[in-house]
Amino acid sequence: MRKIIYGVAGIIVILIMFVFADVCGIGGSKKMIDIKVENGAGASVIADKLKENDIISHKAVFKIYSRLTGKHIYQMGTHKLNSSMSYKEIINILQTTPENDEVQILIPEGYELRQIADVLEENGLINRDVFMSEVESGDFDYEFVKQIPNRNNRLEGYLFPDTYKFSKNETEHDIIDKMLSNFDTQVMPLYQQSGCSMSLDDIVILASVIEREAASDNDRGKVASVFVNRINKGMKLESCATVQYILKERKSVLSIDDTKIESPYNTYINDGLPIGPIASPGISSINSAIYPEQTNYIYFLASEDGTDSLFSETFEEHLENQKRIQGNK
């Protein structure tokens, strides 16, 4: 009987030693193996992948260890691991976004949805058709998204321009959600604290026009005042940028026919703001839309070198500015 007890005790000790070695990564291989983690994968799925690839020997032990050491959020992407790593090291690596998986992307202020899609597609991050489908009908849990009117290019203006790091394993939905989350963080507190009487959508629309029309940061508040003054006087905005949005071309000079295009975005033929944003405005343009400068300006045009704008209160002054620029040219 005593021999049996000793034998069982010996087996238990050996098992404990094997488990301990596995937990600590003792005696494992240094060969690196790629482990791909899908979005939302938990400890059970992770344990299966690690066991299948011989990174660990005991799935149940890994799951227990994971549960006892806290709530872990595993980052999707391809992680490089080996069996000489301890459970602690493995979990730490799996909780960090893989560097080789990240792509840094700059989305400039004033980019349209189609241009944002171009950048993401060129960097191998999206399927364009899937991306645009998510833009139009994807389910995003933000109150401001629910309030966007029903129109084409639903999220135009709301994908906040910034520098992002995207994983190549992120879905089109994930990428859009990250940009909307940035909008929620950057824009919503500014708008909510302002007590602005305009709707958020109108602010984003106006800001997008300011973004595309202002020659410099110093001009944004004055450009905003021009558009607000024109609206208050019942004048059409006559923004070239809104027609350029229809044309999908940044023409430096519009033709008469261009300004007559039938479109709810054409502010040469329609009163008030266009039906939706025409680009992604940055925070300066958002701020200028909420707090336009107080002026009597009704007209503006770009200076000869395009670095600033010339503003005027009357059409006669506006014509004089035009003549001066044309004369210099």
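The values are calculated or read from the model by the stated rules, or taken from the named source; none is laboratory data. The structure displayed is predicted, hence computed values, not measured ones. Because the Cβ atoms are built from the backbone with ideal geometry, glycine has one as well, and the counts that use them run over all protein chains shown.
Does the stretch 36-85 hold any residues that are in contact (Cβ under 8 Å) with a residue 40 or more places away in the chain, assigned to a loop (DSSP other than H, G, I, E, B) and among the hydrophobic types (A, V, I, L, M, F, W, C), and which are they?
Answer for the stretch 36-85, where residues must be in contact (Cβ under 8 Å) with a residue 40 or more places away in the chain, assigned to a loop (DSSP other than H, G, I, E, B) and among the hydrophobic types (A, V, I, L, M, F, W, C): 76, 85.
Looking at the structure I just gave you, is residue 162 charged (D, E, K, R) and either at pLDDT below 95 or in the same structural domain as residue 238 (by TED's automatic domain parsing) (or both)?
Working: charged (D, E, K, R): yes; either at pLDDT below 95 or in the same structural domain as residue 238 (by TED's automatic domain parsing) (or both): no.
Answer is no for this residue.
Would you tally the residues in the stretch 273-294 being in contact with a Ser or Thr (Cβ under 6 Å, 6 or more places away or on another chain) and either surrounded by fewer than 17 Cβ atoms within 10 Å (Cβ to Cβ) or in a helix (DSSP H, G or I) (or both)?
Number of matching residues: 2.
Assuming residue 228 fulfils every condition listed in (1) in a loop (DSSP other than H, G, I, E, B); (2) outside the structural domain of residue 138 (by TED's automatic domain parsing); (3) in contact (Cβ under 8 Å) with a residue 60 or more places away in the chain apart from one, which condition is it?
With (1) in a loop (DSSP other than H, G, I, E, B); (2) outside the structural domain of residue 138 (by TED's automatic domain parsing); (3) in contact (Cβ under 8 Å) with a residue 60 or more places away in the chain applied to residue 228, the lone miss is (1).
Can you find, within the stretch 79-100, the residue that is surrounded by the most Cβ atoms within 10 Å (Cβ to Cβ) among those that are in contact with a His (Cβ under 8 Å, 6 or more places away or on another chain), closer than 19 Å to residue 64 by Cβ and of a type in the set (A, V, I, L, M, F, W, C)?
Among them, the one singled out is 94.
Among the residues of the stretch 110-133, is there at least one that is basic (Lys, Arg) and in contact (Cβ under 8 Å) with a residue 60 or more places away in the chain?
Of the stretch 110-133, the ones basic (Lys, Arg) are 114, 128.
So of that shortlist, the ones also in contact (Cβ under 8 Å) with a residue 60 or more places away in the chain come out as 114.
Yes, the stretch 110-133 contains at least one residue that is basic (Lys, Arg) and in contact (Cβ under 8 Å) with a residue 60 or more places away in the chain.
Considering only the stretch 171-194, I want to know if a residue exists there that is hydrophobic (A, V, I, L, M, F, W, C), assigned to a loop (DSSP other than H, G, I, E, B) and under 24 Å from the mean Cα position of the chain (by Cα).
Our first condition is that a residue be hydrophobic (A, V, I, L, M, F, W, C); within the stretch 171-194, this holds for 175-176, 179-180, 183, 187-188, 190.
Now narrow it down to the ones that are assigned to a loop (DSSP other than H, G, I, E, B): 187.
From the residues that got through so far, the ones that are under 24 Å from the mean Cα position of the chain (by Cα) too are 187.
Taking every residue of the stretch 171-194 in turn, at least one turns out to be hydrophobic (A, V, I, L, M, F, W, C), assigned to a loop (DSSP other than H, G, I, E, B) and under 24 Å from the mean Cα position of the chain (by Cα).
Is it fair to say residue 267 is outside the structural domain of residue 148 (by TED's automatic domain parsing), buried (at least 20 other Cβ atoms within 10 Å of the Cβ), part of a loop (DSSP other than H, G, I, E, B) and not acidic (Asp, Glu)? Give the derivation first.
Working: outside the structural domain of residue 148 (by TED's automatic domain parsing): yes; buried (at least 20 other Cβ atoms within 10 Å of the Cβ): yes; part of a loop (DSSP other than H, G, I, E, B): yes; not acidic (Asp, Glu): yes.
Against the criterion (outside the structural domain of residue 148 (by TED's automatic domain parsing), buried (at least 20 other Cβ atoms within 10 Å of the Cβ), part of a loop (DSSP other than H, G, I, E, B) and not acidic (Asp, Glu)), residue 267 qualifies.
Looking only at residues that are surrounded by 15 or more Cβ atoms within 10 Å (Cβ to Cβ) and either closer than 19 Å to residue 86 by Cβ or among the basic types (Lys, Arg) (or both) in the stretch 34-51, which one is nearest to the chain's Cα centre (by Cα)? Show your work before the answer.
Taking the stretch 34-51 first, the residues surrounded by 15 or more Cβ atoms within 10 Å (Cβ to Cβ) are 35, 37, 41, 43, 46-47, 49-51.
After this cut, where a residue has to be either closer than 19 Å to residue 86 by Cβ or among the basic types (Lys, Arg) (or both) as well, the list is 35, 37, 43, 46-47, 49-51.
Details: 35: 27, 37: 23, 43: 29, 46: 29, 47: 32, 49: 31, 50: 33, 51: 36 Å.
My answer is 37.
Among 107, 55, 64, 93, which is more than 20 Å from residue 23 (Cβ to Cβ) and β-branched (Val, Ile, Thr)?
Details: 55 fails: more than 20 Å from residue 23 (Cβ to Cβ); 64 fails: more than 20 Å from residue 23 (Cβ to Cβ); 93 fails: more than 20 Å from residue 23 (Cβ to Cβ).
None of the other options fit; the residue is 107.
Just the residues that are of a type in the set (S, T, N, Q), surrounded by fewer than 21 Cβ atoms within 10 Å (Cβ to Cβ) and more than 15 Å from residue 299 (Cβ to Cβ), please, taken from the stretch 203-241.
216, 218
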